[in-house]
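The values are calculated or read from the model by the stated rules, or taken from the named source; none is laboratory data. Since we're looking at a predicted model, the values are computed, not measured. Cβ atoms come from the backbone with ideal geometry, glycine included; neighbour counts cover every protein chain shown.
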Amino acid sequence: MAKPPALKLKGRVLEDCVVAAGQPWGRVLEKGERLCLVDLEGRQAVDFLCYNADNPAERYNAADTMKIGGKLWLGKGSKIYSDMGNVLFTVVDDTVGFHDTVGGCCSAESNRVRYGVWPTPNCRDNFLVILSKFGLGKKDIVANINFFMYVPVGRRGEFAIKEGKSKPGDRVEIEARMRVLAVLSNCPQKYNPASGGNPTPIRVVVWRPRR
């Protein structure tokens, strides 16, 4: 893997790490802090969920994010809404322009049904691992965002996971609009093109801009 590209961040870096292929990550971000995800090798899906850190019963709502935003995918300027109509994050920078909101996460069960394999590494189990560290569990997993994953929708409503459009070094950056718990699974999927059939690491940077 090549050395991670330099990021021009005008502020204080709070965490800068590489999340290995197929692994989870999570932390609480304070209001105004930013989370930058860098696709180091390209075409790597990142499954993402977020919650009000002070009241996790309030969490990301896919339907409201799509309805209020008027789009089926996320890009620069998109707002990520909770089920209480509050903005959890705003997308402040993006070099891809297509981040999925409809495909959900892979699971051992869906892999068995779709591909006839069992058991398999999967994003739902990764979510369970990282959410347990914050006192949350299976009932707290909802339909999620898939950063860098390409899921085009056809004129008749058909859709499928396609090869991602992100290139090595592409990034998406979101800013917390309240105190937010953010968790992710660096997708281990090998049976569809979500991660190009070859899951790879991502870089995760949390930082606070200089105001």
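General observations
- Only one of Lys165, Lys139 that is outside any loop (DSSP other than H, G, I, E, B) and of a type outside the set (Phe, Trp, Tyr): Lys139
- Total residues in the range 139-169, condition at pLDDT 95 or above, farther than 19 Å from Val96 by Cα and either more than 13 Å from the chain's Cα centre (by Cα) or of a type in the set (Val, Ile, Thr) (or both): 4
- Looking only at residues of the range 69-100 that are among the aliphatic types (A, V, I, L, M) and not in a strand (DSSP E or B), we find that the one that is surrounded by the most Cβ atoms within 10 Å (Cβ to Cβ) is Val96.
- Among the residues of the range 122-138, the ones that are under 17 Å from the mean Cα position of the chain (by Cα) and surrounded by 15 or more Cβ atoms within 10 Å (Cβ to Cβ) come to 9 in all.
- In the range 1-22, the residues that are modelled with pLDDT of 95 or more and either small (Gly, Ala, Ser) or touching a helix residue (DSSP H, G or I) at 6+ places or on another chain (Cβ under 7 Å) (or both): Ala20, Ala21, Gly22
- Residue match in the range 141-152 (condition: more than 23 Å from Ile68 (Cα to Cα) and surrounded by 21 or more Cβ atoms within 10 Å (Cβ to Cβ)): no
- Residues of the range 46-59 include at least one that is under 17 Å from Asn198 (Cα atoms) and in a strand (DSSP E or B).
- Among (1) more than 12 Å from the chain's Cα centre (by Cα); (2) within 24 Å of Leu40 (Cβ to Cβ); (3) part of a loop (DSSP other than H, G, I, E, B) - the single one Arg208 does not satisfy: (3)
- Given (1) more than 14 Å from the chain's Cα centre (by Cα); (2) within 22 Å of Ala62 (Cα to Cα); (3) part of a loop (DSSP other than H, G, I, E, B), index of the condition Ser110 fails: (3)
- Selection count, the range 21-41, where residues are in contact with a strand residue (DSSP E or B) (Cβ under 7 Å, 6 or more places away or on another chain) and either over 24 Å from Pro209 (Cα atoms) or among the small types (Gly, Ala, Ser) (or both): 6
- Which numbered condition Glu158 misses (of (1) in contact with a strand residue (DSSP E or B) (Cβ under 8 Å, 6 or more places away or on another chain); (2) more than 30 Å from Asp54 (Cβ to Cβ)): (1)
- Close pairs (9 angstrom Cβ cut-off, 6 or more residues apart or separate chains): in contact (Cβ under 8 Å) with a residue 24 or more places away in the chain and farther than 30 Å from Glu30 by Cα in the range 155-178, of a type in the set (Phe, Trp, Tyr) and assigned to a strand (DSSP E or B) anywhere: Ile161/Tyr150; Lys162/Tyr150; Glu163/Tyr150; Gly164/Tyr150; Lys165/Tyr150
- First in the range 185-197 and over 15 Å from Val151 (Cβ atoms), second anywhere and part of a helix (DSSP H, G or I) and β-branched (Val, Ile, Thr), Cβ under 8 Å, 6 or more apart: Ser185/Ile130
- Pairing each residue of the range 94-107 that is farther than 13 Å from Ala45 by Cα with any residue that is outside any loop (DSSP other than H, G, I, E, B) and among the acidic types (Asp, Glu), provided the two are 6+ apart or on different chains, yields C-beta distances under 6 Å for Thr95/Asp170.
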